[in-house]
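This report refers to the structure that appears directly beneath it.
Please treat every number below as a calculation from the coordinates, not as lab data. Since we're looking at a predicted model, the values are computed, not measured. Note that each Cβ is placed from the backbone with ideal geometry, even for glycine, and that neighbours are counted across all protein chains shown.
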Amino acid sequence: MAPDTMRVVELQGFGGPEVLGVAERAIPQIAPGEVLIRVAAAGFNRADVSQREGQYPPPPGESDLPGLECSGVVVATGDRTTRLHMGDRVCALLAGGGYAEFVAVPEEQVLLAPESLDLVDAAGIMEVAATVLSNLAPGGEESLPLPGSAVLFHGGSGGLGGFGIQLGAALGLTVYSTAGTAAGVQHCLELGAAAACNYRERDFAEFISEETRGIGVDFILDMVGAPYLMRNLRSLSPEGRLAIIATLGG
């Protein structure tokens, strides 16, 4: 393979995993303000599946390759980059293109990878972190809930909910969560939830009312949508906030 090309995993049609294929493409050129990352690992998200099925086209002007997050090592920096240097271990949030050996990405979408994580694990940080933080604290760090605030993260046994539990616990919040199995409930507790309920066996609004003595929670992160709406509203404190980030249930 020539040094100016790379291997990628591209869509060779729409459908199941069988439409993914390995191909060779040119290594992307970096623009001012961008860095080039040699990819160590790419995160796998629901949006990748939707794109593969033809239901989630990439933004105009962006790579047609799947992959919305990755980790790796910076191998080149463009003009007007100020924070990152060649050799830095990083994780990045992408508009696409993560399923490749190299990706060019604006510097502001890249963070140094935590030293405590290997690069494979670091590849799965950015999407969940950006989603949870941008909803939990839409005004930046100063808008984070105060320690002791009660929050509810649905789907605690999944990626977003699981990250939310860990972040909330680290911030000193009282975290509640839901899951669909007994094992999922136990997983939520192990991640740091103060309490969790199996939504298949119990109305989560009643669970929250009991746990908070009728006060409700200050924040809810929901990805179900309409089937949960009224129960979410009943679970909020008078000044609580509901963030609906997906409508998996309609």
- Please identify the pairs in which a residue from the stretch 174-196 that is in contact (Cβ under 8 Å) with a residue 40 or more places away in the chain has its Cβ atom under 7 Å from the Cβ atom of a residue that is in a strand (DSSP E or B) and charged (D, E, K, R), counting only partners at least 6 apart or on another chain. none
- Hey, can you tell me all the residues within the stretch 1-48 that are among the acidic types (Asp, Glu) and surrounded by 14 or more Cβ atoms within 10 Å (Cβ to Cβ)? Glu10, Glu34, Asp48
- Message: Let me confirm something: among Asp64, Asp48, which residue is out of contact with any His (no Cβ under 9 Å at 6 or more places or on another chain), part of a loop (DSSP other than H, G, I, E, B), charged (D, E, K, R) and within 25 Å of Gly159 (Cα to Cα)?
- Response: Asp64
- Filter the stretch 111-135 for residues that are of a type in the set (Val, Ile, Thr) and touching a residue at least 40 places away in the same chain (Cβ under 8 Å); which is nearest to Gly87 (Cα to Cα)? Val120
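Among the residues of the stretch 225-236, is any in a helix (DSSP H, G or I), of a type outside the set (Val, Ile, Thr) and closer than 24 Å to Glu142 by Cβ? Walk me through how you get there before you give the answer.
So in the stretch 225-236, the residues in a helix (DSSP H, G or I) come out as 226-235.
Now restrict to residues that are of a type outside the set (Val, Ile, Thr): 226-235.
From the residues that got through so far, the ones that are closer than 24 Å to Glu142 by Cβ too are none.
Scanning the stretch 225-236 turns up no residue that is in a helix (DSSP H, G or I), of a type outside the set (Val, Ile, Thr) and closer than 24 Å to Glu142 by Cβ.
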- Grab the strands (runs of 3 or more DSSP E) fully contained in the stretch 99-186, keeping just those with 2 or more residues being surrounded by fewer than 22 Cβ atoms within 10 Å (Cβ to Cβ). 102-106, 110-112
- Note on the structure: Note on Gly250: of the conditions (1) over 22 Å from Phe44 (Cβ atoms); (2) among the small types (Gly, Ala, Ser); (3) buried (at least 18 other Cβ atoms within 10 Å of the Cβ), unmet is (3)
